[in-house]
Amino acid sequence: MLSQLYIENIAVIRQASIRLERGLNVFTGETGAGKTILISAINAVLGARTSRDIIRSGEQKAVVSALFCGLPEKVRARVEELGYPVEDGQLMVVRELDAGGSGSCKINGRPATTALLRQVSSLLIDINGQRDSQELLSPERHMGFVDGFGGLEKDLEEYRAVYRRLTEAREKLDSLQMDESYKLQRQDILQYQLAEIEDAALEPGEEEELLAQRDRIRNAERITAALGNSYDLLTGGDEGAGVVSSLESLGEELEEAARYIQELAEYQSKVQDLRYDLEELSSTVRGYLDDLDFDPRQLDRIENRLDLLHRLKKKYGSTVEEILEYAEKSARELEELTFSDQLAEQLRQEVSTLEEEAEKLAEALSEKRREAGERFIRQVQEELTYLDMPAVRLSLHMTRRELGPSGRDGVEFFISTNPGEAPKPLSKIASGGELSRVMLSIKNVLADKEGVDTVIFDEIDTGVSGRAAQKIGLKLSQVARSRQVICVTHLAQVAAYGTHHSRIYKTVEQDRTYTHVEELDREQRVEELARITAGENITDIALENAREMLTLAGN
């Protein structure tokens with residue numbers, strides 16, 4: 001569960017440390033107090049795309065951190081698979097935002113990307129807001145709800161693997177079934193290009209070797225002079241002894257002296273080893289001098305070869321290796337074109353086989369979806385009845401389509417809001433309050449399937465009041481028995497059911513606005529509930545009603 005949230009320099013929040021507990025944590029506050037900012041901060045630490053505008057005016061950096069405790073074993077194992085060790089079941093996630101556009105993320109002190117942050121956070125928190133309720137209007141979401149409820153992920157992945165192969169085979173077949181004249185033109189081009197590359201008899205790394213040879217030939221006089229001088233210095237020229245003979249004399253003198261000064265024996269041995277090395281070097285230099293043969297005609301051959309490579313590189317690749325890769329690719333394409341009729345027939349057979357396999361898997365998936373959808377609708381209907389919508393009838397509308405990435409089904413929720421009315425698409429007739437309760441019902445039905453320990457509802461009660469609001473509060477408290485629930489609400493009927501209640505409020509100090517988060521005790525809760533229901537003029541009756549509301553809610 002999320003046990004602590006720390007926010008610094010996010011919008012009008014200068015600094016806030018918020019403690020969260022198991023059960024139902026509710027947050028209330030006046031419109032504009034900063035309830036939305038709280039959700040924005042949580043989204044930021046979960047890796048959501050975040051604008052620099054969220055950083056408090058006048059500040060360069062903002063920080064949000066979230067501490068999760070009591071991680072389930074399944075979640076802990078998955079987080080460690082991603083490379084982040086978990087100790088004592090705790091996980092610290094930190095997101096730092098920079099006004100300059102940079103920023104950083106850390107998971108248990110280790111650097112992470114926002115993509116990894118989102119992957120880890122999806123295991124920890126499920127956020128549901130007004131936007132999620134609006135997304136119910138998109139039929140594309142409906143299939144995901146049914147598949148998640150029915151545990152059809154493996155069936156869907158098995159189908160998609162076959163469908164991907166089918167799509168690839170169809171694309172290959174389409175590319176082979178080209179115009180005959182174009183095919184002949186393409187064959188001629190490929191044959192010419194392959195002949196040109198093959199005639200060049202390219203070797204990997206030859207360009208580098210040619211450049212080195214050209215450099216040696218162009219600097220022949222310098223190389224000859226340097227090697228000759230080196231040899232003379234080593235062996236001695238007309239003017240006297242060389243280094244080798246001098247070292248030989250030095251060794252003899254040291255050997256004589258070492259008879260009387262034992263410490264010099266070590267140096268005499270080193271001088272002797274050095275003489276052997278230099279004798280070997282002089283032999284090597286002599287060999288290079290004897291082998292030197294700088295033929296100007298060889299330079300012409302090298303230049304011509306480099307010119308050929310340059311022309312081929314302009315056509316087929318920036319290096320010899322890339323030219324050879326291009327040749328391999330062209331040879332495969334030419335082979336496919338040459339034997340396109342045979343390949344096309346093979347592909348037609350492959351497409352036919354894959355279509356049959358995909359059809360079979362799609363039919364099986366459709367049957368499971370239909371069965372899971374019926375159970376899903378029944379359970380959601382029970383939740384809706386509890387949430388004071390007994391007359392509402394939700395149904396599943398499945399249509400048959402061409403094979404696609406998700407099978408051959410079209411899935412859409414239909415709803416009838418009044419007795420006697422025919423069901424129509426959810427997007428056509430559902431009001432904001434109805435959407436909120438439908439979404440809450442769906443989330444409750446999917447709660448055990450999703451396996452997330454913390455659920456956040458951001459004003460899920462939008463558009464409802466009275467008895468329906470009370471039912472939503474009671475339902476949230478029931479959900480909070482098995483997982484942590486965090487709820488931002490503007491309704492007293494919902495807030496009364498919170499096991500922990502915090503108030504978000506603003507102050508103005510020295511012409512700057514500050515948002516604060518304050519945990520409330522029972523009497524403060526009474527005052528806050530009275531404020532929500534009665535407004536500025538809080539009467540004794542409003543306070544008494546607030547106390548009764550808390551008592552009836554079990555608080």
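Taking GluC sites (Glu not before Pro) across the range 491-555, the ones in a DSSP loop with at most 12 further Cβ atoms lying within 10 angstrom of their Cβ are Glu536.
Summarising the label geometry, the points placed 7 Å from Cα in the beta-carbon direction at Glu96 and Gln510 lie 2.5 nm from one another.
Listed by chain and number, the lysines placed with their C-alpha closer than 21 angstrom to that of Lys314 are Lys329; residues fewer than eight positions away on the same chain are left out. Helix 320-338 axis versus longest C-alpha principal axis of the chain: approximately 60°, rounded to the nearest ten.
Accessible area of the range 365-489 with a 1.4 Å probe: how many percent of it is carbon plus sulfur? Carbon and sulfur together cover 46 percent of it.
Pull out a ≥ b ≥ c, the square roots of the eigenvalues of the alpha-carbon gyration tensor of the range 11-127, then state rounded if a/c is under 1.5, prolate if not and a/b is larger than b/c, and oblate in the remaining case. Oblate, because a/c is 1.5 or more while a/b does not exceed b/c. Calculated mean residue ellipticity, 222 nm, the chain: -19000 deg cm²/dmol, from DSSP H runs (n ≥ 4) at -39500 (n - 2.57) each, averaged per residue and rounded to 500.
Among the GluC sites (Glu not before Pro) within the range 223-314, those in coil by DSSP and having at most 15 neighbouring Cβ atoms inside 10 Å are Glu239.
Within the full protein context, the accessible area of His490 is estimated at about 80 Å² for a probe radius of 1.4 Å. Pairs to check: Lys172/Lys368; Lys61/Lys506; Lys74/Lys443; Lys424/Lys471; Lys183/Lys315; Lys74/Lys506. Give those whose C-alpha atoms are more than 29 Å from each other in this structure. Pairs exceeding the cut-off: Lys172/Lys368; Lys74/Lys506. Net charge of the neighbourhood of Leu117, taken over other residues with C-beta under 13 Å away and scored Lys/Arg +1, Asp/Glu -1, is +4. Net length available on complete extension from Glu221 to Arg160 is 15.0 nm, with 0.36 nm assigned per residue and the Cα-Cα distance removed.
Computed from the Cβ-Cβ distance with R0 of 41 Å, the FRET efficiency linking Gln478 to Ser104 stands at 0.55. Go through (1) 1.25; (2) 0.95; (3) 1.07 and flag the label whose value is the computed Rg/Rh (Cα atoms, Kirkwood Rh) for this structure. Computed from these coordinates, Rg/Rh (Cα atoms, Kirkwood Rh) corresponds to label (1).
Between Leu184 and Arg286, the contour length at 0.36 nm per residue exceeds the alpha carbon distance by 30.6 nm. Once the Cβ-Cβ distance between Leu210 and Ser246 is put in as r, and R0 is 35 Å, what FRET efficiency do you end up with, to the nearest 0.05? Efficiency for this residue pair is about 0.25.
Computed on the chain, with alpha-carbon pairs under 8 angstrom and 6+ residues apart, the relative contact order is 23 percent. Quick check: the angle from helix 220-235's long axis to the longest principal axis of the chain, C-alpha only, nearest 10 degrees? It works out to around 70 degrees.
For the range 327-409, trypsin sites (Lys or Arg not before Pro) are listed when DSSP marks them as loop and at most 13 other Cβ atoms sit within 10 Å of their Cβ; the list is empty. For the Cα trace of the range 171-296, dividing Rg by the Kirkwood Rh returns an Rg/Rh value of 1.48.
Taking the inverse of the mean 1/r over every pair of distinct Cα atoms in the range 508-555 gives a Kirkwood hydrodynamic radius of 12.0 Å.
The Cα atoms of the range 452-543 give a gyration tensor whose axes a ≥ b ≥ c have a/c of 1.5 or more with a/b no greater than b/c, which makes the shape oblate.
Computed from backbone phi, the HN-Hα couplings of the range 434-441 come to 5, 4, 4, 6, 5, 5, 4, 5 Hz, rounded to whole numbers (Karplus: 6.51 cos²θ - 1.76 cosθ + 1.60, θ = phi - 60°; Gly and Pro given as x).
Bridging of Lys475 to aspartates and glutamates at a Cα separation below 13 Å is possible for Glu382, Glu383, Asp388, Asp461, once same-chain residues fewer than 8 apart are set aside. Residues in the chain average 55 Å² of solvent-accessible surface per residue, probe 1.4 Å, ligands and nucleic acids excluded.
The values are calculated or read from the model by the stated rules, or taken from the named source; none is laboratory data. Treat the numbers as computed from the prediction; the structure is a model and nothing was measured. A quick note on method: Cβ atoms are made from the backbone with ideal geometry, for glycine too, and the neighbour counts reach across all protein chains shown. Ligands, DNA and RNA are stripped out before the accessible areas are found, and what is left, the full protein with its side chains, is counted by its heavy atoms. Shrake-Rupley method; radii C 1.70, N 1.55, O 1.52, S 1.80 Å.
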